[in-house]
Amino acid sequence: MVKMLRCIVVLTALVVSAHGLDNGLALTPPMGWMSWERFRCNIDCKNQPNDCIGEKLFMDMADRMVEDGFKDAGYEYVNIDDCWDLKERDSAGKLQADPDRFPSGIKKLADYVHSRGLKLGIYNDFGTKTCGGYPGSLGHLEVDAKTFAEWGVDMLKMDGCYADVKTMPQGYSNMTKALNATGRPILFSCSWPDYERASKIQPDYKLIAKNCNIWRNYIDIQDSWDSVLKIIDYYAQEQDTLAAVSAPGSFNDPDMLIIGDFSLSVEQAKAQMAMWSILAAPMLMSNDLRTISPEFREILLNKEVIKINQDPSGKMGKRVMQDGDVEVWTKSLDLWEEHAVTYLNRGDSNQRVSLQLKNIGFDYILGYEVRDILNHIEIGHREREGNFTVTVPAKGAYMIYAYPSE
Ligand code: GLA
């Protein structure tokens, strides 16, 4: 019975599913690592050779991703953010990596990252300068797209500092064309809706999804729990608009994972993981994988939670209940009547939460098998009616996965 119903639902979904940017990439949210939140624009490789934006940092992270289980868990992209290049283009008008910090050049770095079975991402800016003051791509879109393709780059984050926001819909679409024209599949991450929002312009998300694989909607994440909550607030406020465009090939990007950095506790880190998972957010870590402590590594490697993030439906979960400090976010998964739920507790004390599963969209009459996937605990069979009670840790989260009982 469960199998037959699943079959019917999958076939219907195949017929109606909407696709975003049609470059075959990001069919599920991209996973990887990105330099910005942790390493910022540190270009002092003389005094801080391990922590500066230079080839060593990206090679080290690629090594850790392969050797410490991140690649096996699905993390794939190693992304260079701002401050990688010289302040001047070369005589042919091309961007050039800073030779002191990237002595082998970006192409060699891409070769190295590829040799480890991973992919390389890079950063530029739609305007005249990057946010950090490095050369922008305005007037150079084609040449920059070609340069990145020649170097073997696999992902591009295009920022929007020093630009006329009104020209972004056309300009970013031109970059999409320029990237497609290179013939190299390059995952395209756009910051365009974030700049529109900041200028009080309503983003045209249909157009954005047609042109970008992922896009930032909101302010930069900082290394703090408050920053994580602020981003979640924005996603809740805009959830209908944002969920409508989340699909294979096109995802909203609430910014990097800061798990394993200086500020989040273990429970808060679990909460960021559980929320980014239910939101179908890109899982781009910005931390130091060489020194991260085992409890945080374990959270990032939680395959059960990653599986929800990588659900083939590409759906973004939504907040369906809010009671005091606790909120409940749900996502129905690709397979019929499979669900994930994240309970988020913003308060200072643990909270007992009781609800009926049928009130949060669980419709299967024979009930569900339920697992606590943040802690890998089998909860067992639960009816859709009857109280389902959990304890959500203070300033933390609880997450379940449920599938229909046979
Ligand atoms: C902006 C972006 C950040 C980062 C910096 C780099 O603030 O939103 O993610 O790329 O620029 O300067």
Extended-chain gain in nm, criterion 0.36 nm per residue less alpha-carbon gap, Ser265 and Thr182: 25.5 nm
1.4 Å probe accessible area per residue over segment 33-114, in Å²: 43
Dipole of segment 86-175, positive direction: furthest Cα of Met155, Met168, Gly139, with charges on the beta-carbon: Met155
Per-residue ³J(HN,Hα) for segment 314-328, Karplus 6.51 cos²θ - 1.76 cosθ + 1.60, θ = phi - 60°, Hz, x for Gly and Pro: x, 6, 8, x, 10, 7, 10, 8, 8, 9, x, 7, 9, 10, 10
In Å, descending, principal axis extents of the Cα set of segment 74-120: 38, 19, 18
Lysines with Cα under 20 Å of Lys146, excluding same-chain neighbours fewer than 8 positions away: Lys87, Lys94, Lys107, Lys108, Lys119, Lys129, Lys157, Lys177
Taking the chain and dividing mean pair separation by its residue count, relative contact order in percent (alpha carbons under 8 Å, at least six apart): 15
Backbone HN-Hα couplings from phi across segment 171-187 [Karplus 6.51/-1.76/1.60, Hz, Gly and Pro as x]: x, 5, 5, 5, 5, 4, 4, 4, 5, 4, 5, 6, x, 9, x, 10, 5
Listed residues Asn375, Asn124, Asn359, most fluctuating in the chain (Gaussian network, C-alpha, under 10 Å): Asn359
Between segment 218-296 and segment 340-391, the alpha-carbon center distance in angstrom: 22
Residues whose placed amide H lies under 5 Å from that of Asp81, excluding near-sequence neighbours: Ser35, Trp36
Antiparallel DSSP beta bridges within the chain, percent to nearest 5: 60
Under-5 Å amide H pairs with Gln356, H placed in peptide plane, nonlocal only: Phe388
Amide proton proximity set for Asp159, modelled H, under 5 Å, gap of 5+: Asn124, Asp125, Phe126
Peptide ranges 64-73, 128-137, 30-39 listed from the most packed, as the mean C-beta count within 10 angstrom indicates: 30-39, 128-137, 64-73
Per-residue HN-Hα couplings for segment 51-63 [Karplus 6.51, -1.76, 1.60; θ = phi - 60°; Hz; x = Gly/Pro]: 10, 9, 6, x, 4, 4, 4, 6, 5, 4, 5, 4, 4
Segment 258-406: translational diffusion in µm²/s, Stokes-Einstein, Kirkwood Rh over Cα pairs, 10 °C, 1.306 mPa s: 102
Leading residue at positive end of dipole, segment 291-406 (Cβ point charges), from Asn375, Ile292, Ala402: Ile292
Candidates Val326, Val78, Val245, ranked by Gaussian network fluctuation over the chain, Cα under 10 Å, top entry: Val326
Hull volume in cubic angstrom per residue (convex hull over the Cα atoms of the chain): 134
Residue among Leu25, Leu344, Leu357 with the largest mean-square fluctuation in a Gaussian network model of the chain, springs linking Cα atoms under 10 Å: Leu357
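Calculate the translational D of segment 193-307 in whole µm² s⁻¹ from Stokes-Einstein, where the hydrodynamic radius comes from the Kirkwood formula applied to all Cα pairs, the temperature is 25 °C and the viscosity 0.890 mPa s.
Numbers: Rh = 14.8 Å.
The diffusion coefficient I find is 166 µm²/s.
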Charge dipole (debye, nearest 20) of the chain; +1 at Cβ of Lys and Arg, -1 at Cβ of Asp and Glu: 660
Carbon + sulfur, % of accessible area of the chain - ligands and nucleic acids excluded, 1.4 Å: 51
Segment 60-198, relative contact order [Cα under 8 Å, separation at least 6], %: 22
Between helix 2-16 and the chain: long-axis angle, C-alpha atoms, 0 to 90°, nearest 10: 40
Ratio Rg/Rh [Cα only; Rh per Kirkwood] for segment 89-218: 0.97
Check: segment 238-313 dipole with +1 on Lys, Arg Cβ and -1 on Asp, Glu Cβ, in debye: 280
The chain, helix-only ellipticity at 222 nm - DSSP H runs n ≥ 4, -39,500 (n - 2.57), divided by all residues, nearest 500: -9500 deg cm²/dmol
Computed over segment 296-363: relative contact order in percent, which uses C-alpha pairs under 8 Å that are six or more apart: 22
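The values are calculated or read from the model by the stated rules, or taken from the named source; none is laboratory data. As the structure is a prediction and not an experimental result, all values here were calculated from the model. As a convention, Cβ positions derive from the backbone with ideal geometry for all residues, glycine included, and neighbour counts pool all protein chains shown. To get the accessible areas, we keep the full protein, side chains included, count just its heavy atoms, and leave off ligands, DNA and RNA. Shrake-Rupley method; radii C 1.70, N 1.55, O 1.52, S 1.80 Å.
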